[in-house]
Amino acid sequence: MIINHPLLGPRDAAEFVYLGDASLMNRPDWQSTDAGNQFYEYQYLRDNPAGELRELWYHEQGDRSWLVVTRNTLTHAISKVELARDVKLQEINSKTKTTAAAKKGKKA
Amino acid sequence: MTQSHRINGGLVSRNQPVNFKFNNTSYVGYQGDTLASALLANGVKLVGRSFKYHRPRGILTAGSEEPNALVELRSGAHQEPNTRATTVELFEGLEAKSQNHRGPLKYDFMAINDLMSPFLAAGFYYKTFMWPKAFWEKLYEPTIRAAAGLGRLSGQEDPDSYDKGFLHCDILVIGSGPAGIAAALQAGRSGAQVILADEDFIFGGRLNSETMEVGGESSQAFAANATDELAAMPNVRLMPRTTIYGAYDHGIYGAIERKTDHLGSSNGKPRQVLWRIYSKRAILAGGSNERPIAFGNNDRPGIMLASAVRTYANRFGVLPGKRISIFTNNDDGWRTASDLAAKGAQITAIIDTRDVEPLGAFKDTAIIMGGRIIDTRGRHGVSSITLRNGQTIDTDCVAVSGGWNPNVHLTCHQRGRPQWREDIAGFVPAGEMPIGMSVVGAANGSMTLAASLNDGHLFANKIAKELGFTPSRKSAPKAEDEAAKTSAYWYVKESTARAWVDQQNDVTVKDIKLSHQEGFRSVEHLKRYTTLGMATDQGKTSNILGLAVMAEVSGKTIAETGTTIFRPPYTPVPIGAFGGRVRGKDFKPTRYTPSHTWAKENGAIFIESGMWMRAQWHPKSGETHWRESVDREVLATRKSVGICDVTTLGKIDIQGKDAAEFLNLVYSNAFGKLPVGKVRYGLMLREDGIAYDDGTTARLAENHFVMTTTTANAVLVFRRMEFVRQCLRPDLDVHLISVTEQWAQYAIAGPNARKLLEKIVDKKHNISNESFPFMACGEISICDGTPARLFRISFSGELAYELAVPTRYGDALIRELMDAGKEFDVTPYGLEALGVMRIEKGHAAGNELNGQTTALNLGLGKMVSKKKDAIGSRLSERDQMNRDDAIKLVGFKPVDSSKSLTAGAHFVTKGKEPTMAHDQGYMTSVGYSPNLKTSIGLGFIKRGDQRIGEIVTAFDGLRGTTQDVEIVSPHFIDPEGERLRA
Amino acid sequence: MLKAVSPLSGFSAEINKVTISEVSGRSLVSIAVPNSGLAALKAAIKKQLNLDLPEPGQTTDSKSGNAMLIWASPDQYLFSFDEKDNMPSETVGKLLNGKAYVTDQSDAWVTLKISGERKLEALERICPINLHPDVFKTGMAARTMMEHLGVLVIRDENDSFLLLSARSTAGSLLHAIETSAKNLH
């Protein structure tokens, strides 16, 4: 397979290490009330669709970027490739904003 | 021998005669011949025996689809079985032997099988050899294996070498027949990077087999001129003798290039190169293969495909027979007749299954429209045919044309499902094509010359344009459309004799009917039950015929019946080519430690540890047993000082404002408050709570740490830390880089370690116990200004340091340490002594961090901090991982100290049966302690920490031993850690 | 001072019109960009080293001082320059004055220079990256895998290829390239 690296262009999948479902990026909060259950689901419960799946690939023999690759597990067609750090940062930033907005709302 | 069947013309070099041997008889052919054409030129028709019935068989085709003419090529270790005579280029001194017969080819003793054929029909294996069961391994299988099977392997190591490689192109053109060559020309002219690959040794495909005209010149001249034009283009890579054997994801193709197979010797160069071709677009121009018609005894040597007879005449200047008859269901068969007649051949008869007007008239030729051949005669070659009306015609070659199958093989390698096209009576590519693939010419159902040329030309233009190139304005090569009407006629029902569908697997029309009768209704089942379409030719000539028979007996159309599909490889690829150059020691890279040269000079014994070569022990002269060396190394280290190369441990440089917070997340224990200039032992868990790596991390500055990992997990730890850094906490300011290779690192251990170091550490650095205590670290210099790092850590349990210098100084440092240490009788120690000392000290290593154990099991439960988040900490709290009877790491000693412990032994309470139900734990590491003068071990046993002093039984089912062992503290030496702090 | 040795003791050979030679006497320091510190680092590098930061897959170089910056990963560069002393990370660290996290990599790598008429033919046997001059132009850099070894390939201004790979496997890399050259038909 060829993975179209967002910074480096098409590279052979042999340069990458596969991890699996990108839901692994959503690690639960260790202090939440049902943390045990959440970690159990995070660690063990995954979807295995015959179709599009967001997966994590690590460019170990390359620039060491973790990528989020949207791939059809049936046809191997890859429709989207993103830098995992960008995806995660966006999520962190939007969370911070929401929290900030909520705090602001409280004050008002 | 004279070339009795050679005629004028063709593309062979008559001024270059080539001597060769077949079954030890010498013959002469010409440069440009294949083994098959040279054999036919010499009148050799019988070339092998069939797989099951040992029927005499001859050459059927003129290409890689050949089912019959398989030979053992070359001799000695170079012998290669199942080589198709139809693709082997003739070279001086070639030796080939026919296969699958006992005794001479003409008098094969196994031909008795043919008389047994009523018992050997489809599925005979499953029916005959079922009973008694024990006979299968002892009698049936060995007998069948000896009797069946095709060629023989030499049984020696392959003396040839192979290589692999990577190629890139904009457009890959597969096949160089009319469509392929027209496509390559236009693609090349557009300026795109083009690869043209063809399995043949000259380009042109069928153009070289025909006498048609292209652009006012002969098709052969057109192919040659087009090849010259392509060769002159710097952006075109011509790859003759190259088979594209597989279509893989995203435009990747597998190719096998035969570099030296056409030469007598490979001269030490790789015989074949296996290429991975990365293409933006691919144009498949695989052409089509002619298929036979099944009729009674249609497998006699001399009965060939009509297109092959034409190829031998037009391309090779060989007439396979003197009196040739033609059996056809389509217009193309007539072209064979006219081409052969033009070459002066005697056409004895043309039998066309169709009731149409004859397509030509020939002198002295019986023309039978609506005719059928029902049987043939001739012992080692056909001598006559019998028609439906009983008429017998003498002939020594029957040219059979049952129509053409588009070559859809590569289109099926992913999700392609060919579709039946009634007008051409063939399957054409359909379903999802491999990404980027277009199919042109006959492979796509364009069955005439003009249509193929045009197809290739236009598709190349279209694709070049899509890729951003400007197509040349040249028009497509001009040719006339030849007569190409065909009919769906498959087998002669009037034949009572066996009619062969798959000659390679000896499958007859009757076998297919039988399999249907027995309930194998799907084409996939038919294939498996009868073996139709299996083995080296993968049914290229037989599949469609087989499923047409199947369709007919089941009363369905061919479209409803469907077809089996293909998977790689297109033609067989030697396993050696898949291995490439990776043989023996080249199987994987070898990593050398900085002290390797020194250790080798001093006679060290090495062991592979992952990719690393590490010193296992350093024998002294006079030592005859490895234990002598290892015991000495351990005792000398504990008595004075020893040195060990520990460069192989993974080292990761960690910097950033949030580095400490990051370490808190990846280690189960806390690192936030580690002072600068100190080292701490750290434990890493998997997210599921299982321990997976340990090591030490030193804080060199507020925002600068250096981590060590185990040798085995260096890569994995780095990968997982990058996962945490990028996928979980990209908001943290932390940066990682491996420094494993940057630093040569030596452990210096033993009571005299400091004294030795003081001799080489530059005086400005104070390394006294007070200034540089246990777990201290610092950046220093040694030997007058050589930069170094010093860590006071100990794996051996002794007063010990690890000293690191930039790798370039590693060789000099070990020599310097050995020199400076002479007065202390310094001793280099290897991996074995290191292992003994860590067991004596009770330090866990890979055997204990084995993917099944938790911090609690390891006795490190307190290292899982509950005050912070860390990978694995939450799930390690699960109840079942914290049972009261959890296994705990403890030490073991044999009750009889003259006995050795064995790793892997399981523990049971004394007096209990060694069963799973009684299993209490297992031994992980053992060694002989020269200090305690007994075998010692580490292992896990239920509630081990509360059972010190108890005697249990160690049962080793693998070695068949049972012994009593005492549970002891895992710290055999210096349990209070006084030596470390001395 | 301890005596330094290079990974391949200065190896150089020509096989089948492929020239393979070890490059030594260079320092290599990794430069990591602090979070939100790219602009400051860019300015410091321009001022102190007179170099621009390379884009992904690229290098930038300065004629004076024979220095080269190589893009390594989204927040990391490799800085290669003629060796002056054995403390290169300190030297670079002082110049950049806290604008970057620097780590000495000079001893972690072996560098081989591949030149000669048939260099591309030899490299296509082991390199999965397309090194055609229209695609992999002068100054481009790519990290990939050859014969299981991680390799950083750079096309330098003399149209030669620089191959940087782990020091401990220098022998295996050399063997791979020598075999590729010897295997040319």
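Residues that are β-branched (Val, Ile, Thr) and outside any helix (DSSP H, G or I) are absent from segment B:418-425. Can you say whether A:Met1 is within 14 Å of chain C (Cβ to nearest Cβ) and modelled with pLDDT of 95 or more, as far as the supplied structure shows? So A:Met1 fits the description; yes. Under the condition of being surrounded by 18 or more Cβ atoms within 10 Å (Cβ to Cβ) and within 52 Å of the chain's Cα centre (by Cα), the residues counted in segment B:361-376 number 6. Within segment B:595-607, is there a residue that is away from chain C (no Cβ under 14 Å), β-branched (Val, Ile, Thr) and in contact (Cβ under 8 Å) with a residue 12 or more places away in the chain? Checked segment B:595-607: at least one residue is away from chain C (no Cβ under 14 Å), β-branched (Val, Ile, Thr) and in contact (Cβ under 8 Å) with a residue 12 or more places away in the chain.
What number of residues within segment B:850-871 satisfy the criterion of being exposed (fewer than 15 other Cβ atoms within 10 Å of the Cβ) and over 23 Å from B:Arg947 (Cβ atoms)? The total comes to 3.
Within segment B:447-483, work out how many residues are of a type in the set (Gly, Ala, Ser), assigned to a helix (DSSP H, G or I) and surrounded by fewer than 24 Cβ atoms within 10 Å (Cβ to Cβ).
2
For first residues located in segment A:72-92 and within 8 Å of another protein chain (Cβ to nearest Cβ) and under 20 Å from A:Asp47 (Cα atoms), partners that are crowded, with 19+ Cβ neighbours inside 10 Å and small (Gly, Ala, Ser) and lie 6+ apart or on another chain with Cβ distances below 9 Å form the pairs A:Ala84/A:Ala22; A:Ala84/A:Ser65.
Residue pairs whose Cβ atoms lie under 6 Å apart, sitting 6 or more positions apart in sequence or on different chains, and linking a residue in segment B:722-735 that is away from chain C (no Cβ under 11 Å) to a partner that is assigned to a loop (DSSP other than H, G, I, E, B), are B:Leu728/A:Arg27.
Among the conditions (1) farther than 21 Å from B:Leu319 by Cβ; (2) surrounded by fewer than 24 Cβ atoms within 10 Å (Cβ to Cβ), the only one that B:Ile7 does not satisfy is (1). Can B:Asp586 be described as within 30 Å of C:Gly37 (Cβ to Cβ) and acidic (Asp, Glu)? So B:Asp586 does not fit the description; no.
The set of residues in segment B:543-582 that are within 11 Å of chain C (Cβ to nearest Cβ) and surrounded by fewer than 17 Cβ atoms within 10 Å (Cβ to Cβ) contains only B:Val582. The sole residue among B:Arg808, B:Arg792, B:Arg874 that is away from chain C (no Cβ under 14 Å), of a type outside the set (Val, Ile, Thr), buried (at least 21 other Cβ atoms within 10 Å of the Cβ) and over 26 Å from B:Pro970 (Cα atoms) is B:Arg874.
What's the total number of residues in segment A:40-67 that are within 15 Å of the chain's Cα centre (by Cα) and either closer than 21 Å to B:Gln414 by Cα or within 14 Å of chain C (Cβ to nearest Cβ) (or both)? Summing the residues that are within 15 Å of the chain's Cα centre (by Cα) and either closer than 21 Å to B:Gln414 by Cα or within 14 Å of chain C (Cβ to nearest Cβ) (or both) in segment A:40-67 gives 7.
Scanning segment C:51-61 for residues that are in a strand (DSSP E or B) and either farther than 25 Å from A:Asp86 by Cα or touching a helix residue (DSSP H, G or I) at 6+ places or on another chain (Cβ under 9 Å) (or both) returns C:Thr60, C:Asp61.
Of all residues in segment B:434-446, those that are part of a loop (DSSP other than H, G, I, E, B) and farther than 21 Å from B:Glu560 by Cα total 5. Considering (1) more than 15 Å from the chain's Cα centre (by Cα); (2) within 14 Å of chain B (Cβ to nearest Cβ); (3) hydroxyl-bearing (Ser, Thr, Tyr), the lone condition that C:Ser64 does not fulfil carries the number (2). Test B:Ala41 against the criterion of being out of contact with any helix residue (DSSP H, G or I) (no Cβ under 8 Å at 6 or more places or on another chain), crowded, with 24+ Cβ neighbours inside 10 Å and modelled with pLDDT of 95 or more, and give yes or no. The answer is yes for B:Ala41. When the strands (runs of 3 or more DSSP E) confined to segment B:895-982 are screened for residues that are under 26 Å from B:Trp626 (Cα atoms), those reaching at least 3 such residues are found at B:921-929, B:934-942, B:961-968. Scanning segment A:4-36 for residues that are more than 8 Å from every other protein chain (Cβ to nearest Cβ), of a type in the set (S, T, N, Q) and over 15 Å from the mean Cα position of the chain (by Cα) gives A:Asn4, A:Ser32, A:Thr33. Of the residues examined, B:Cys783 is not one that is surrounded by 21 or more Cβ atoms within 10 Å (Cβ to Cβ) and either at pLDDT below 95 or of a type outside the set (D, E, K, R) (or both). Among the candidates B:Glu633, B:Glu623, which residue alone is in a helix (DSSP H, G or I) and surrounded by 15 or more Cβ atoms within 10 Å (Cβ to Cβ)? On inspection, the qualifying residue turns out to be B:Glu633.
Give me a count of the residues in segment C:22-40 that are more than 10 Å from every other protein chain (Cβ to nearest Cβ) and either of a type outside the set (A, V, I, L, M) or under 17 Å from C:Val5 (Cβ atoms) (or both). Total satisfying the criteria: 5.
Yes/no per residue for (1) farther than 30 Å from B:Ala192 by Cβ; (2) touching a strand residue (DSSP E or B) at 6+ places or on another chain (Cβ under 9 Å); (3) of a type outside the set (Asp, Glu):
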site	(1), (2), (3)
B:Gly456	no, yes, yes
B:Ala460	no, yes, yes
B:Ser472	no, no, yes
B:Ser475	no, no, yes
B:Ala488	yes, no, yes
B:Trp500	yes, yes, yes
B:Lys513	yes, no, yes
B:Gln517	yes, no, yes
B:Arg521	yes, no, yes
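In this structure, does B:Lys639 turn out to be over 25 Å from B:Lys585 (Cα atoms) and modelled with pLDDT of 95 or more? Yes; evaluated as a whole, the condition is true for this residue. Residues that are in contact with a Gly (Cβ under 8 Å, 6 or more places away or on another chain) and free of Cβ contacts under 8 Å to residues at least 40 places away in the same chain within segment B:190-206 comprise just one, B:Gly204.
Each row is one residue, and each column tells you yes or no for (1) under 23 Å from B:Ser219 (Cβ atoms); (2) charged (D, E, K, R); (3) touching a Phe, Trp or Tyr at 6+ places or on another chain (Cβ under 8 Å).
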site: B:Ala294; (1), (2), (3): no, no, yes
site: B:Gly302; (1), (2), (3): no, no, no
site: B:Ala313; (1), (2), (3): yes, no, no
site: B:Arg323; (1), (2), (3): no, yes, no
site: B:Asp332; (1), (2), (3): yes, yes, yes
site: B:Thr365; (1), (2), (3): no, no, no
site: B:Ile368; (1), (2), (3): no, no, no
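The values are calculated or read from the model by the stated rules, or taken from the named source; none is laboratory data. The structure displayed is predicted, hence computed values, not measured ones. Positions of Cβ are generated from backbone atoms using ideal geometry, with glycine treated the same way; all protein chains shown enter the neighbour counts.
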